[in-house]
Structure formats: C-alpha cells, structure tokens
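Nothing in this text is a laboratory measurement; each read-out follows from the coordinates by a stated rule. What you see is a predicted model, and the numbers here were worked out from it, not measured in a lab. Please note: Cβ atoms are built from the backbone with ideal geometry, for glycine as well, and neighbour counts cover all protein chains shown.
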Amino acid sequence: MWKTILRRFLIMIPEVIILSILVFLLAKAMPGDPFTGSINPKADPQQIHHLMKINGLYDPWYQQYWQWVVHLFHGNLGNSYQYQEPVTRLIAGRAGNTLWLALFTMILTYAFALPMGVFAGRHEGKLPDTIIRVYTYVTYCIPFFVILVIGIWIFGYVFGWFPTTGSISAEASGSGWLQTIGSRFYHILLPGILGALFGTVNIVQYLRSEVIDAKGSDYVRTARSKGVPSKDIYRHHIFRNSLLPIAAFAGYSITGLLNGSIFTETVFSYPGMGLLFVNSISYRDYTVITALVLIYGILNLIGTLLSDIILSIVDPRIRIE
Amino acid sequence: MAENFEQHSDVSAADLARLTQEAQAEATPSTAKIIWSEFKADKPAMAALFIIVGFILFVMIGALFINTPKMMETNIMGYFNQPFTSDYWLGADSGGRSVAKQLIVGSRNSIGIAIGLTIISSTFGICWGLISGYFNGYIDWGMQRVYDFMMMLPMTMMIIVLVTIIPHYNSVTLTLIFSIFYWEGTSRLIRSRTLAESEKDYVSASRTSGTNHWKIIFREIMPNISSLIIVDCTLSFAENIGVETGLSYLGFGLPSQTPSLGTMIANANDPNNITQYWWTWLPAALEIIILCLSISYVGQVLRRAADASQRQGAAD
C-alpha cells in the first residue's frame, strides 16, 4: 500500500523535471523577445541589447533554465510583460476563479451523475436505463465548446437569465460581501451547470455497471432475505460500496475540467487562468505562459496521483508489489 | 483434387458439394458481413451511415467548385445579408461572404483534418499499444512511463504553444501537431487488449514454434483485435472533429483566411453576431453536433457488431 504510493511519488519527480525543461524550451522557442511591445519602437538597438544582456537572455539555455528554476523555488516566476506585475500575483488573482468554477462544476456533476447512475443500474434494460444511456451518449459525443456557445446564446442572450461575461458584476464588486458572493455565484452558475450536465458520462457508466454487479452479489441477497426494503438496499448497501471508486474519479475529472477551462473561460469571458493563458499567448507573454503550463501540468499530475492512490486503496490488484 | 478424393472415399461428389455448402453456411461470417447485417437490422444506423457518407462526399466534391480566395474576399454589398435569399442561401457574414459556401469549404477542411488526424494518431496508437502490450517487462514499463508523461501534459495548452511557435503552418502541420497528443486513448485500449491476447494459447504456440515477434504482433494478434480497432477509429474520428474545430474556435487552429467549422463558430464571440446575426455561426454549430452524433452512432453499431452477445442483426 505505502510502497505503491511512495513509488508513485518517486515517478512523479522526473516527470515534473522533464515537464519544466520542456516548458522552458518551448517558451524560449516562441517568436519575438520578451521586450516586444514594452519598449518604445524608436529605442536604441544598443539599449535593447543591453537589456537582453542584463536579463541573461544571451546565456546558454541550461544556464537560463537553472536561473529560472532557482527563481521558481524562491516563488519568483518573473514579471508579466503584458500586465507589468509579478506573475505569481497575477496568477494568484486568477487561480481562485478557475478553481471555484472547477469545484462547483465537479460538485454539480456528482449531484447529477450519482442518482442517474444508481437509477440506471437499478432499472437495467428498462426504459429509464435506455433514456439515461441515450442522454450520456449524446452529451459525450458533442464537442463541449459547441455546447457552451449554444448555451450562452440561449440562456445568456436570448432569455437573458445569466450574465455572459466576467466573474462579478460592476455593482456588486463595491458593495458588501453578501452581494459579492452572490454575484460571483451567479456568474459561475451557467458554465457550471453546462459543464456538469455534459460531463456525467464516466461516473454514470461506472456506477451503473457497479450497481448491476452488486445486484447479484451475496451481501445484497442477504440483505434482501433479511427483508431490507429495496430502496434502502440501493441507498445504504450498494451505493455506499461504490462510493470510494467513484470518489477516485474526482482526480481524473480535475484534469478534464482544467483542460476544458480554456474553452469555458473564453466563451464566458471569465477571468480565470484559462482566459489568462489565451490572452498571454496573443501578447507573447512568456513568463505567464510557462508558469501556467507548468501549473496545469502539476495539477494534472496531482489529480491523476490522487485517483491512482484512491483506486489502489480500493482495488488491491492495482498495487505494485 | 476432387477426382483424387473420389477414388479414395465413398462420399459422392454431390454429397461433397452439399457438405461444403453446409460447412460454409455454419462457418463464422466475415466481419464485413456481420457489420452489414447489423446495419440492416438497425434502420437509424443505416440512415446515419448514409448521412455521413453522403455529406462527406458532398462537401469534398462541392468544395472543388468553390474558389476559396475569391469566396473569402470582402464584399460590402452582402454585409450581413439575411439568410434564405436567392444570392445567399444561408446569409452572409460581416464581410459579405456567403455562409453556405464557407460552410462547404470549412466542412471539407475540418473533416479532412479529422480524417488525417484519425489515420495518423490511430496508426501510432495501435502500434504503440501492440508493442507495449506484447513485449512485457522493461519495454512495456518504459513505454508506460512515456504514456504517463504524455497524459500529464495539458494538451490544449501544449498544442496552442506549438502552433504559435511554428511560423508558417497549414492543415498538414496542424494535423501532425494534433497527432502528437491524441494517440494515448487508442494506445491504452489496444495495450490492454493485447495484454489479454498475448496470454492466449495461439500466441504462445506461435512463440514456441519460433515465429518472428513482429509477425506475431501484426499478422496474428492485430487481425484478432481488428474489430476493436475499427470501433475505436470510428469513435476517435467523431472526437477528432471536435479537436480541430475547438482549437480553430479559440483562434489557434486553421488561420482565419482558411474557413473551418471552428472559425465559423468563432463568429459567435461577437455579442452582436451571436444575437442578431445567428446565421453566421449557428449552422456550423448544428453541423458539428449532427456529424459527431451520427459518427458516434455508427461507432456504437460497429461496437455491437464486434461483440457477438449484443448483435441485433440476423445471424444468417
């Protein structure tokens, strides 16, 4: 058990190192230099040359990389050239938005998926099962960004029920904390619901097959012969047994939600890390790009690690000995 | 041989013919035959298949008759022309460019890239999965670590970064960039099946008799999992349509002068377009939905055909 977790951690270290080198080199390979745009176009080339030199941009790549890593461990990710402020502060201001949206989407996804999965498994092969299967199939097939665009069109513009841009309304940002929270929540409602409605497929399918398997197992038969009502069997016996593996999906869904955040935040002009990334790309803001790719990579890694650990607790076959 | 046979056996030629016929009737039908009977049993699937094939042929041939640079020229007279008029069937966008024509060329580009991506990434994923699953031990371990690493990369971000690095890219380079990141799903599926397949007797028999490893992998194991491969390719084709259009939507796929379904949906980023000029983006969005649903539906039918216990087609 502990061996598995330890080994999983040890494998993580080279992965992070390779990722950081890769990200660093990719950022170096991007066209333009970091001073593009921030310097008067009439500036003396000699002066730019000097700037590049004192910033170490003429050093060999491994020296620059090492410099970058040292700074990284001091919590210094450099300055954003677009916003003229430290990257750490810039990202810290945006990360909250992305994480809240992701968390909210995840909670909603579970809220939708758990009853559906149990219900489909319970009525296996009957009409509800078919309806849920068709539903998960349809939601799985359609590319998510298309849903977002159609969703914001119908519910944001045509009906006008939800805000279509930003993370907080202008009036609410100045007033009390209750309005602030309310307005923030209102802004993540539509993207959260859409993300949850169209992200249930994995959990529903897993839970459904889990319930179908459990239906024929001994402990369910024992409970039935004791006279436990069918409703309680599903709610307390079967559901509780499938809860842990289902929880393991949370880690994997972090990965999916983060990848999707780029689309969600672009469609809803929601100022999170995904939108920051898209904006930084168009401004060639390397420092922000490298930091964001690294953060997303590490978050992906943690998500997968979490899922793997939970699964290895649940299922002894997965453990490495 | 038949005459020879008659001399040494008391089975008559007529009986032999009858027995051969019976044996053929009882033999496992070919994969193509199973798939075809499955489609015949499922009318909606047949409809979906015809929609896809007909539509792909239509846009491939139709796009040949459209002069793309001319189509992309701004024509002020057509500024946001209403749809359903004689000049503009589906209206025109802010540059007075016909939406219907853009839709045909855009579909050709998007579907073309999706097909290319499916071929490249599936081929790579299949080879990766077969090799990784067949050679257990260190090779598998190493390949799995590479796989883990690829899974950790934030895919969308990496593609966007690569696209900005490459100065002049076109649909071919774009397809190659996408292919770097989209083989993992296939490879994992194929690997797990290959692992199970390698345990079977025919593989160990072949190994003991000294057959070349590559021959075992590609001539013996691969044909045995071919139905899985067909299903997976179809489903990834549906997924890959979303990949290119999604990136083009963000503005990092095909350049704006090359229409794609994604760049057309990007028209919706303008609040005016999304409400007043819905015809500039909604047709492309609906087309993607219908295409993806039909292709995955065909994929589901293929999956059923691959699994004997789920078949609906008459086993004749």
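Some points to look at:
- Estimated FRET transfer efficiency when R0 is 51 angstrom, pair B:Leu195-A:His49 (beta carbons, to 0.05): 0.30
- Inter-chain Cβ neighbour count for A:126-138, averaged per residue, equals 1 (cutoff 10 Å, partner chain atoms only).
- GNM flexibility winner over chain A from A:Gly260, A:Gly125, A:Gly117 (Cα, springs under 10 Å): A:Gly125
- Cα gyration tensor shape of chain B, rounded if a/c is under 1.5, else prolate or oblate by comparing a/b with b/c: oblate
- Computed log₁₀ I(q)/I(0) - Debye formula, equal Cα scatterers, no solvent, segment B:89-178, q 0.11, 0.12, 0.16, 0.19 Å⁻¹: -0.51, -0.59, -0.86, -1.03
- Acute angle (nearest 10 degrees) that the helix B:138-152 long axis makes with the longest principal axis of chain B, alpha-carbon atoms: 20
- Here segment A:92-270 is treated as an ellipsoid with the same Cα gyration tensor; its semi-axes, largest first and in whole Å, are 37, 18, 14.
- Size of charge dipole - the protein assembly as shown - debye, nearest 20, with Cβ of Lys, Arg +1 and Asp, Glu -1, no other charges: 1180
- Averaging the sequence gap over all C-alpha pairs within less than 8 Å and six or more residues apart, then dividing by the number of residues, gives segment A:92-270 a relative contact order of 36 percent.
- B:Ala17-A:Thr130 FRET efficiency (beta carbon distance; Förster radius 60 Å; 0.05 resolution): 0.80
- Neighbour-count ranking [beta-carbon atoms within 10 angstrom, fewest first] of B:Met264, B:Met222: B:Met222, B:Met264
- Inter-label distance for B:Met60 and B:Trp141, nm, one decimal - labels placed 7 Å from Cα along Cα-to-Cβ: 4.6
- Part-to-part distance (alpha-carbon centres) for segment A:70-93 and segment B:268-283, which is given in Å: 37
- The mean sequence distance of close C-alpha pairs (under 8 Å, at least 6 residues apart), as a share of the length of chain B, puts its relative contact order at 24 percent.
- Shown for chain B: lysine pairs separated by 8 or more places, or found on different chains, whose C-alpha atoms are under 28 Å apart, numbering 5.
- Mean partner shielding of peptide A:245-257, defined as the number of other chain Cβ atoms within 10 Å of each residue Cβ, is 0.
- Normalised contact order of chain A, rounded percent, pairs of Cα under 8 Å and 6 or more residues apart: 28
- Based on alpha carbons, the Rg and Dmax found for chain A are 24.4, 89 Å.
- Residue mean of other protein chain beta carbons inside 10 Å, A:291-298: 3
- The calculated 222 nm mean residue ellipticity attributable to helices in chain B amounts to -22000 deg cm²/dmol, summing -39500 (n - 2.57) over DSSP H runs of n ≥ 4 and dividing by all residues.
- The calculated Kirkwood hydrodynamic radius for segment B:178-253 is 14.5 Å, given to one decimal from all distinct C-alpha pairs.
- Distance-filtered residues of segment B:109-146 - backbone nitrogen under 19 Å, label point 7 angstrom along B:Asn212 Cα→Cβ: B:127-128, B:130-132, B:134-135
- In the elastic network of chain B, a GNM with C-alpha springs shorter than 10 Å, the most mobile of B:Ser132, B:Ser209, B:Ser171 is B:Ser209.
- The angle between the Cα long axis of helix B:31-41 and the main principal axis of chain B comes to about 60°, on a 0 to 90 degree scale.
- If R0 is 35 Å, the Cβ-Cβ spacing of A:Ile212 and B:Ile180 corresponds to a FRET efficiency of close to 0.35.
- Evaluated over chain A, the count of Lys pairs having alpha-carbon atoms less than 20 Å apart is 6 (only pairs 8 or more residues apart or interchain).
- Equivalent ellipsoid, segment A:110-179 (semi-axes from 5 times Cα gyration tensor eigenvalues, Å): 36, 17, 9
- Neighbour-count order for A:Thr255, B:Thr208, A:Thr130, fewest beta carbons within 10 angstrom listed first: B:Thr208, A:Thr130, A:Thr255
- Peptides B:133-146, B:183-196 ranked from most to least packed by the mean count of surrounding Cβ atoms within 10 Å: B:183-196, B:133-146.
- Each residue in B:Phe178, A:Phe112, A:Phe277, A:Phe24 was given a count of other beta-carbon atoms within 10 angstrom of its own, and listing them fewest first yields A:Phe112, A:Phe24, B:Phe178, A:Phe277.
- Separation between Cα centres of segment A:108-138 and segment A:1-18, rounded to whole Å: 36
- With the simple spin-label model, which puts each label point 7 Å out from Cα in the Cβ direction, the B:Asn67 to B:Thr173 separation comes to 2.8 nm.
- Rounded to the nearest whole Hz, the Karplus-based 3J(HN,Hα) values (6.51 cos²θ - 1.76 cosθ + 1.60, θ = phi - 60°) of segment B:118-127 follow the sequence 4, 5, 5, 5, 5, 4, 5, x, 5, 4, with x at glycine and proline.
- Counting all C-alpha pairs of segment B:110-158, share separated by more than 18 Å (%): 46
- The protein assembly as shown - Debye-derived log10 I(q)/I(0), Cα point model, q = 0.05 Å⁻¹: -0.28
- Comparing B:Pro44, B:Pro223, B:Pro69 in a Gaussian network model of chain B (Cα springs below 10 Å), the most mobile by mean-square fluctuation is B:Pro69.
- Above 25 Å, the calculated P(r) of segment A:185-315 contains 46 percent of its Cα-Cα pairs.
- Span-rule helices in chain A, defined as complete DSSP H runs reaching 24 Å or more along the axis (Cα) with Kyte mean at least -0.5: A:2-29, A:87-122, A:177-197, A:239-267, A:286-314
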